[in-house]
Amino acid sequence: MTAPVCILIHPDGRAEWGADKAAAEKAMGPYGVGRAWLTDASLGLRVSMSDCALIMPEEFAENPYAVAVLAHVAGGDPEQAQPTRGPVALWGFDPRNDWDSTRPLTASERAVITEGLAVAGCTTG
C-alpha cells in the first residue's frame, strides 16, 4: 500500500489506514459527508463523518474511540471534545490536490495518530 492518506475509526474500535478517502467516506453511509478542520490551527488535517450521524442516533452508534483519537491528535481533553457517531475519518489535506484534496499523512502525523489509537484502545488491521 502507498502511504496512507487517512485513518477510518469505527464505533467498535476498529481502525483502518487507507489510501483512498472516497472509500473511507463510503463507509460512512448513504447520507452526505460533513468535513471540518481538526482544529483551527491544524490546516493540514481534516475530519469526515456522516452529516446525519448526530441527528440520526438510531442509525449511527456513538464513537468514543474517534473522540479519544481526535482529542489526542489535537492535544485536547476527550471530556471537552465534540461527540462523534458512526465511522469517522481523519485525513491529510492538500488544497492544491484538485482531485480529492488529500495528501499522504506525514510520518509525524502517523506517529501521533498511532499513539492516539493506542490511548483509545483501538485495534488496527
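Ignoring ligands, DNA and RNA, what percent of the 1.4 Å accessible area of the range 41-125 is carbon and sulfur? The partial results should precede the final answer.
Working: 2560 of 4610 Å².
That fraction is 55 percent.
For the range 1-50, take the convex hull of the Cα atoms, compute a quarter of its surface area, and give me that in nm², please. Here the figure is 4.0 nm², rounded to one decimal.
Surface exposure of the chain, expressed per residue as accessible area with a 1.4 Å probe, stands at 53 Å².
Calculated from the alpha-carbon coordinates, the range 1-121 shows an Rg and a Dmax of 13.2, 38 Å respectively.
The values are calculated or read from the model by the stated rules, or taken from the named source; none is laboratory data. Worth saying up front: this structure is predicted, and the values here are computed from it rather than measured. Accessible surface is based on the protein model in full, side chains and every heavy atom, while ligands, DNA and RNA are left aside. Shrake-Rupley method; radii C 1.70, N 1.55, O 1.52, S 1.80 Å.
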